[in-house]
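Please read the structure below before turning to the comments.
The values are calculated or read from the model by the stated rules, or taken from the named source; none is laboratory data. These figures come from a predicted structure and were not determined experimentally. So basically every Cβ, Gly included, is an ideal-geometry build from the backbone, and we count neighbours across all protein chains shown. With ligands, DNA and RNA removed, areas are computed over all heavy atoms of the protein, side chains included. Shrake-Rupley method; radii C 1.70, N 1.55, O 1.52, S 1.80 Å.
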Amino acid sequence: MSEPLRTPHTPPPGGVSEKDDLYEPVIGLEIHVQLATATKMFCGCQLSFGEPPNTHTCPVCLGLPGSLPVANARAVQFGLMIGLALGSELAPRSIFHRKNYFYPDQAKNYQISQYDEPLCRGGRLGDVRIHRVHLEEDAAKLVHVGSSGRIHGSDASIVDFNRGGTPLAEIVTEPDLRTPAQVGEWLKLLRTTLRQLGVSDVNMEEGSLRCDANISLRPAGSNELGVKTELKNMNSFRFIERGVRAEIARQQKLLRGGGQVVQETLHFDPGSGALSSLRSKEEAHDYRYFPEPDLLPVVIDEPMLAGARDAISELPADRAARLQRELGLSRESAQLLAFRGELGDYFEAALAAPAQPPAPPQALANWVSIELAPRLQDADGDAAETGGSGAGGNPLDSRVAPHALAALVGMIAAKQLSVGAARQVLDTLIAAGGEPQAIVQAQGLAAIDRDDELAAIVAAALAANADAAQRVREGNSKAIGPIVGHVMRETRGRADGTEVARLVHALIGERADDEQAGV
Amino acid sequence: MTPSDLHELSAAQAVAAIAAGSLSARELFESYRSRAAADRAAGEQGLNCFTWVASECPERGADAPDAHAGAPLRGVPLAVKDLFCTEGVPSQSGSRILEGYRPPYTASVVARLADAGTSLLAKTNQDEFAMGSSNENSAFGVVRNPWDRARVPGGSSGGSAAAVAAGLAPWALGTDTGGSIRQPAALCGIVGLKPTYGAVSRYGMIAFASSLDQAGPLTRDVTDAALLLAHMVGHDPCDATSLAFPGPIEPPTAERLDGVRLGVPDELTGEGIQAGVLAGFHAALARAQELGAQVREVSLPHAPHALSAYYVLAPAEASSNLARYDGVRYGLRAGDPAHPEDLLHMYTRTRHDGFGAEVKRRIMLGTYALSSGYYDAYYGRAQRARTKIAEDFAAAFEDVHFILTPTTPSVAFKLGEKTGEPLAMYLNDYCTVPMSLAGIPAISIPCGLADGLPVGLQLAGPAFSENRLLAAAYALEQSLGFQGARARV
Amino acid sequence: MLHVARLARLELAEDEIEPMARELSAVLEHVAKIAELDLDDVPPTSHVVASSLEGVVSGALRADEPRPCLARDLALAQAPAVRDGGFLVPSPQA
């Protein structure tokens, strides 16, 4: 595997108020991903969402007497794809285990999962190492129906087994995360990666992506791990960040006060910001894991491996390397485009468009990642934040056609358009689509031909800012500011700033010469 | 052929007669049906073989016996152990917790046999959840041995064995986990075969111990066993542990054992075996030699530990398999369902009321063996012991074709004789459990009487050696001349 | 022993505890025999099928193709308590 990829670290928003010189947060994540197969993990029932209860069940997922599980080959393939994308080690032989516990949402009162021989071990995504990835089945849905009508008011629940048996990939990270913001960023990266792989809808609102966090604090500089708590039931990226932040603050306060952190499971209420202990269902679970005798070991052979590799087409690391190698992109650009698959796809589509004048690859890469993507993200901000189904800034879904952006960048390169003007064109493209040439024409944004118009404007600017001009003449180059500003205003940004500065210097120089020459 | 002779025919003979047109499938079915119904109606006076009997001969449709005219098994009736799911028909695994449960689907092996032409005659009584060696653990009453009604028929497939032995069914399906087909076959004087693990689908068999359970035939003779088995084996996509059998099961024809090497393990043929049983065993060995076989000693050094390993592994798997019986989706729920109480209470009370004593013991044992801190000492060690036991057999089979032992340490014992001591009961499985742990096929054939009660001879072979095993068993059976001898009901 | 009963969700009446304990002890004593064996380097057999046929294990995985589901009324037919198309149970505590 090529060297580890790193994501740009966004600094935490709103300053670093949670940073504590005494204690360092240590955060690990446990993510459950519902796989987008056609059928359940161990039976042929179709996956569903929002259907009437118990309309997608069979003897197997209902746990009827005599039923037996048979593992879904595509779920295994998706698991392999996840492992490949994360650079994990794929176990040539892995087995399923039974995790025994009684609960109404568990049809057999055991869950078929993987224990000490999982499908994948190790790996990395961005700055975070992966501990393991394994396959298991999802539980059914329990709906509380409140009082059953007795005087004592005992509560009842209804079990719906439609969801029971849905294939899950459980991804466990090493405790490499350090800040709440990092958690949010990394989860978005994971989400994008999984979506690009096509293995899941990764939609937190629908429950196809669930995340629990393990949080502990340790003295800054220490290498040991403190006591950790587990934070569960947070169903949006924003809530996860807030929950993690709240728990870190709680532990900080506790430790500073001389107390000790107790290992427990907590629930975060985003409404009140409060953390409450989830009283464990009973005493610490003894899951009595043993190898599942009804399922054979999963043996990965060459055809399966090849199938998984083919289904990915190109791993992010390989794509980044290729972009650097073939197009001369900077490493950071290449990685950014490779990691956010939709940006990479858009970029390559734009590059393939026959733009005249042609768009240089690095410039195009910059415009995709630095200019276009953030503008789209802002427009679609909420959906991206909740981890819901919004485009999350996918440029291919925008009104800016790839060839249009290519044309725009080509025009800048050929100096037909200033950067400022180009930005205005981009805003228009985002809002209304269209072709750059036409927009430039319509809005009169064409770069100024410096041989006539611009020189006249610069001359006028010099005249209007004689003091500044004088200071520049005397060697104070900073004084050029007001002159350039004047020109830019006059040209409504169509002029190229560098060119203006050059002309100003040139004209000032000419004047000086003229004056010296006594003209 | 008079109606009273109908039940004298073996299943293979019935198939031939129906095919030849000299026997009506419907008549045959009705004859058996009324005999089975009579036993059921006789209560304590009967053998209590059955938990359900077809209430009438199906007139039309796929269930009608004569609808199978073209199928290989021609509509011959089949009795099926209670734990096989049969759609719409009670499938209770001998337990109160599933009393009256009618599954919405049919077990694969039963469906396969129905496609081959069998008609469902009845469901047979059994030890609860297949846990037992005497059929005294059923929630639906004990089963009596047709040879002596004061004695047990063996278990857990006691109902199936007694029914075949008494001529109340031509043949029956049972299951074998530690000996539950072979042992009752031996005590009832009939043939019982446990196939290679994985040869027959387990889908729809209410589970006891997943890595040990196998369905198999209980029949009057080896020919019938081969015939039924032929239509049972094969890969089933609904059972991930099932395998394709390498080739068809053939009707056995061998009459001699020339060139066959038989291994007799010291560990399973000496201490603890009743004198009468040992005598019968040695007589059978002598007969085998007369037929041309060579008998030699082999060693299965870990066989004495097989019972210990089994009584860790089987209860452990069972404790997990039986967790689903909790009153939520089917079966017994303790308390008034319209007014749910506390969930924990519902679970524990349901399982307290629904499970019998032996089942509770094994669930406790199994839970303990898997629990935190004990897994390595019990379950972990038992799995390793299992490896050694399998290796012992593999090594022995490099030297001999088959291994021979008495099927059981004793003939049929009296009802109530061993129910006070679980351990005494477990010892009945001493000779049969090693083969179960190794996953190899084994057959029990009657080889004589001791004190007027049947003695069983067990032959075991390597995985997928069923054809050769059946051939050897056939040759011995023909020579011993016991087949078909049956207690009169 | 009560802990094990709790893990197994088995209620044991007062008068059942002692006999159960006795019987279990006797069995455990017997099965402890396997502690006599030297099993240090022996791999456990978790799947006897795999060991009986080296490498010839096909059909262990299933193609991702939908199969007919049970009609809901069949799924619920044997249920002790049903409401709104689902299995009615007492709520789990917390």
For helix A:497-516, report the angle its Cα long axis makes with the longest principal axis of the Cα atoms of chain A; keep it between 0 and 90° and round to the nearest 10°.
-> 20 degrees
What 222 nm value per residue comes from the helices of chain B, counting each DSSP H run with n ≥ 4 as -39,500 (n - 2.57) and dividing by all residues, nearest 500 deg cm²/dmol?
-> -10000 deg cm²/dmol
Do any GluC sites (Glu not before Pro) in region B:251-331 lie in a DSSP loop with no more than 14 other beta carbon atoms within 10 Å, and if so, which?
-> B:Glu255, B:Glu271
Beta bridges per DSSP with both ends in chain B, % antiparallel, nearest 5 = 70 percent
Ordered by residue, what ³J(HN,Hα) values in Hz, to whole numbers, does region B:311-319 give under the Karplus form 6.51 cos²θ - 1.76 cosθ + 1.60, where θ = phi - 60° and Gly and Pro are x?
-> 7, 9, 5, 5, x, 4, 5, 5, 4
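So for chain A, considering every pair of alpha-carbon atoms, how many percent are separated by more than 42 Å? Show your work: numbers first, answer last.
Numbers: 48778 of 134421 pairs.
Summing the P(r) of chain A above 42 Å gives 36 percent of all pairs.
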Kirkwood Rh in Å, taken over all unlike Cα pairs in region B:273-403 | 18.6 Å
All aspartates and glutamates inside 14 Å of A:Lys141 as judged from Cα atoms, apart from same-chain residues fewer than 8 positions distant | A:Glu51, A:Asp105, A:Asp160, A:Glu206, C:Asp84
Assigning unit charges at the beta carbon (Lys, Arg +1; Asp, Glu -1) and nothing else, what dipole magnitude in debye, to the nearest 20, does region A:17-147 show about its Cα centre?
-> 600 debye
How big is the antiparallel share of DSSP beta bridges in the protein assembly as shown, given as a percent to the nearest 5?
-> 85 percent
Only bridges with both residues in chain A count here: give the DSSP antiparallel percent, nearest 5.
-> 95 percent
When we measure straight from the Cα of B:Lys123, which lysines land under 27 angstrom away, once same-chain ones fewer than 8 places off are left out?
-> A:Lys108, B:Lys81, B:Lys194, B:Lys360, B:Lys414, B:Lys418
Which of the peptides B:217-228, A:216-227, C:75-86 is most tightly packed, and how do the rest follow, going by the mean number of other Cβ atoms within 10 Å of each residue?
-> B:217-228, C:75-86, A:216-227
Can you list which of the trypsin sites (Lys or Arg not before Pro) found in region B:368-441 are DSSP loop residues with at most 13 other C-beta atoms within 10 Å?
-> none
Reachable lysines, given that their alpha-carbon falls under 16 Å from the alpha-carbon of B:Lys388 and they are not under 8 places away in the same chain | C:Lys33
With Cα coordinates, the longest principal axis of chain A makes an angle with the long axis of helix A:237-256, in degrees rounded to 10, of 80 degrees
With only Lys, Arg, Asp and Glu charged, each at its Cβ (+1 for the first two, -1 for the last two), find how big the charge dipole of the protein assembly as shown is about the Cα centre; round to the nearest 20 debye.
-> 900 debye
Chains A and B: buried accessible surface, both sides, probe 1.4 Å, rounded to 100 Å²?
-> 2900 Å²
Over the protein assembly as shown, what percent of the accessible surface lies on carbon and sulfur atoms, probe 1.4 Å?
-> 50 percent
Compute the long axis of helix A:316-327 from its Cα atoms, compare it with the longest principal axis of the Cα atoms of chain A, and write down the angle in degrees, 0 to 90, nearest 10.
-> 20 degrees
Over chain A: helical MRE at 222 nm, DSSP H runs n ≥ 4 each giving -39500 (n - 2.57), nearest 500 | -11500 deg cm²/dmol
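Loop only per DSSP, at most 15 neighbouring Cβ atoms within 10 Å: give me the GluC sites (Glu not before Pro) in region A:443-500, ordered by residue number.
A:Glu474
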Can you give the charge dipole size of chain B about its Cα centre, rounded to the nearest 20 debye, using +1 on the beta carbon of Lys and Arg and -1 on the beta carbon of Asp and Glu?
-> 400 debye
Have a look at B:Ala334, B:Tyr378, B:His352 and report the one farthest towards the positive end of the charge dipole of region B:304-384, computed about the Cα centre with Cβ charges (Lys/Arg +1, Asp/Glu -1).
-> B:Tyr378
Of all the C-alpha pairs in chain B, what % are more than 33 Å from each other?
-> 32 percent
